[in-house]
Every structure is written in C-alpha cells, then in structure tokens.
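Each reported figure results from applying straightforward, stated rules to the coordinates on display, with no laboratory input. Every value quoted in this text rests on a predicted model; they were computed, and no experiment measured them. Positions of Cβ are generated from backbone atoms using ideal geometry, with glycine treated the same way; all protein chains shown enter the neighbour counts.
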Amino acid sequence: MLGTILCTASLPKPSAAVSSRTIASFVASSIGRSASSSTTPTARNMSTQTPEQKQSLIDCPTIPLRDGTSHPAIGFGTYKVGFIPASASSAVAAAGATDEPQRTAEDCVTDALNSGYRFLECAEFYGNEQEVGKAIKASGVPREDLFICSKVWTTTIEKGDDAIRAQLEKTLSDLGTDYVDLYLIHWPVPGKHVDAYKTVLGLKKEGKVKNVGVSNYAVEDYKELLSAGITSEDKPVVNQIEINPFLYRKNTIEYFKSEGVVMQSYRSLRDGKAMDNPTLISLGEKYNKSPAQILGRWCVQHGFVYVPKSVKIERMVENAQVFDFELSEEEMATLDALTTSDAFETFFGLYKKCVNRDTSKDGSMEGVKTDITID
Ligand SMILES: NC(=O)c1ccc[n+]([C@@H]2O[C@H](COP(=O)([O-])OP(=O)(O)OC[C@H]3O[C@@H](n4cnc5c(N)ncnc54)[C@H](OP(=O)(O)O)[C@@H]3O)[C@@H](O)[C@H]2O)c1
C-alpha cells in the first residue's frame, strides 16, 4: 500500500479515516533512518541507492485529496521520456542531437519503479504510454501500489465526448490497467474544456477514472468551470501547473488552495536549466545537497506534489532524496523571491500560445482569455 501521510497546515484536512503525520515528524524519522546507514552515499554524488532509501520512496509521504484519497507527494514525470512530441519546443533540437544514447521509456520507467517511484505522471501527449505500460507489467508491482495519472490532450479535447472516451480506452489499454487514479484536462482549450471536463466526470462515474483534475488552469478557467454548474463535489481535486522558485505564482496557488485544490508542480526542476543558480548552489553546499534537491525540497516543503523527470537512474535516485532535511523559513522566503515580473510575462505568453496548441485554432488567439491572473 502507498505509505505515510503528509499533511501541511495549508492543505485540505484529511478525512477522519486518514491518519496524518506532519512533515516535521517525517523529516525527523527520515533523518533517523539515514543516520543509521553508514553506507549512505553523499547526496551530490549519488549513483547508488540503499534499500532504506528505496523503501522510503515507496513509502513516501502523501497528500490527502478532498475525497480522502492519498496522493503521493512525489512522482516520476514521463514527458520527453523515450519520445519527444512533434510540437514540443525542443523537438527540432532533439531531432539533430545524436551525442547522447536515447533510452526507451520502458527502460526509464523500469528504472523509476526499481528506484521506488510509485506515482507515474503520464499523458496522451507524451506518446509513450504503451512503453510505460510495458514497464509496469514487467515490474510486477501490484496495481494497487501504484498511483497513475494521465491527461487528455488539446486535440482530443477539441474533438469532444467520443474522442475523449476513445482516448481514455487507449490510455488504459496502453498502460495495462482498467482505471487511472487521476485524469486531467491537459489545457483549458477555449470553448471546449468545460464539456471535456463533464465527459471525464462521466468516466469517473463509470469507475475508469478515480479522480478528476485539471492542468494549466488559470483562476479564470477554473471559475468558468464552476459557472458551468460543476458542483463542489465534482470540483477538480488537483491543478497541475509549472511551479518552482523561478515561477512561483503565489496568488494563483493561494486561490486554488483556498478551494481545496491540491497543486501538482511540473517543471519543479525548472527543466534542468537553473542548476547554476548561486542561491541553489549555496543552499546545496550548506545541506550537502544538489541544486536539484534544493528545488525538490522547496516544492515538498510548500506542500506541492513534486514530479521530477530524468532519464538517468542516478538522478532519479538523487531527486527523491528530499525528505531528510528541512529549509528554514528564511531560506524558503529567499527561494520564493527568485520569481521576477519577466517570468510572469513569459508564463502568460506560453499560456496564450498553448491553450490552442495542436487544435484547429493553433497559432490564433481565438477564444483565448487575455485577462487572467498571471501571478
Ligand atoms: N501539465 C503540463 O503541461 C506539463 C508540462 C511539463 C511537464 N509536465 C510533467 O511534469 C514532469 C516534470 O517536468 P519536466 O520534465 O518538464 O521538467 P523537470 O522535471 O523540471 O526537468 C527535467 C529536466 O531536468 C533534468 N534533470 C533531472 N534531474 C536532474 C538533476 N538531478 N540534475 C540536473 N538536471 C536534472 C532532466 O535531464 P535528464 O532527463 O537528462 O536527466 C531534464 O532535462 C514531466 O515529465 C511531466 O510529467 C507537465
């Protein structure tokens, strides 16, 4: 079974049936475990993993969703694992890159499962769910020990009900399961996302989807859902958006938290592009952690679901070692302050481009909201 419970003050209360442990007690017990192992590799040069470290990832803290379901606090991101979608910004560059051997998604997910990751963050768009499914099957990890999330892509959202239903069947078949723990609307496609959300609610009633969430929703997209008659029982349980110290949209995050919506963080590692940041380096030196681990710790300490991606097993292991130290309030505030106003503007540009991406309106501003909460 998925392990212990993380409940921070800012998250919705777990149901009475769900026990809770504070992050502080989890940190203390993790430190105790690490200290007892004299062979623990240093964080910054971690190419191996002790059995205790693997078990602590299997038993990672969880965050309660509104219905009492336990959501693992850390998962393995599968975007650009074994396959790069044609409309990804890095697709052209990747096509010409030959110096690094490409590993298949099956190999990478096998490594992630062997390392102890039990939450797999997947999507139609990532084009690799069949390979992910092969790794799941070969691993022998019981289905009930996994937490699988998938997302329906813009092209399918635009096509509507039948296409969404057919896509979920394909996802289930590819992943080798008869339900997903969480199914997300990948982007709030203008004029289409509300109906798509209602279709997915229907799939939940049929038992193929345990919980329904959204991704890349601005406050205003969420309000559009609510004004379309979505009841409080049917509100999204998560919103998956980019969150890291370089894009910390505090007002947006606080709004969703106040609605009981758990925030899943993507690009928690800022796509690997901020590892030379002096603040991350100096905190890493203080705690004997890598810049990636400082980013991961910031994320879980805020109570966001953390979904690091790497195709390298040593980094998968490294990225998960974030529960055995704690940043001070002052250090958290210093990291919080790394977001610039330019970063908000860059985000807004991406939002406007992506809501219609891969639909018949690709490249146009038709229906795109131009007045959203960007911070
Ligand atoms: N909902 C959405 O629209 C959306 C958008 C983007 C992502 N996501 C989800 O979130 C997941 C994570 O986001 P992401 O993959 O975009 O970015 P990310 O996890 O922030 O960063 C991944 C990049 O960081 C590198 N990296 C990983 N660990 C590292 C370490 N310890 N040190 C240095 N570099 C490291 C990786 O390279 P290597 O692989 O070579 O190690 C890769 O280039 C995705 O896989 C996907 O599941 C969702």
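Observations on the model:
- Modelled label positions at Asp234 and Asp271, each set 7 Å beyond Cα in the direction of Cβ, lie 3.6 nm from each other.
- Of the residues Cys299, Met316, Thr279, the one whose Cα sits farthest towards the positive end of the charge dipole of the range 255-375 is Met316 (charges of +1 on Lys and Arg Cβ, -1 on Asp and Glu Cβ, taken about the Cα centre).
- Segment Asp342-Lys170, extension gain: residue separation times 0.36 nm, minus the distance between their alpha carbons: 58.0 nm
- For Phe76, the residues whose amide H sits under 5 Å from its own are Phe119, Leu120, Glu121, ignoring neighbours fewer than 5 places away on the same chain, with H placed 1.01 Å from N.
- Phi to ³J(HN,Hα) by Karplus 6.51 cos²θ - 1.76 cosθ + 1.60 over the range 222-233, Hz, x for Gly, Pro: 4, 5, 5, 4, 4, 6, 8, x, 6, 6, 4, 5
- Secondary structure note: in the range 223-375, about 10% of the DSSP beta bridges are antiparallel.
- Computed from the Kirkwood radius of its Cα pairs, the Stokes-Einstein diffusion coefficient for the range 23-354 at 10 °C and 1.306 mPa s stands at 78 µm²/s.
- DSSP beta bridges fully contained in the range 23-354 are about 15 percent antiparallel.
- Approximate spin-label separation Ala163-Ala138, in nm, with each point projected 7 Å along Cα-to-Cβ: 3.3 nm
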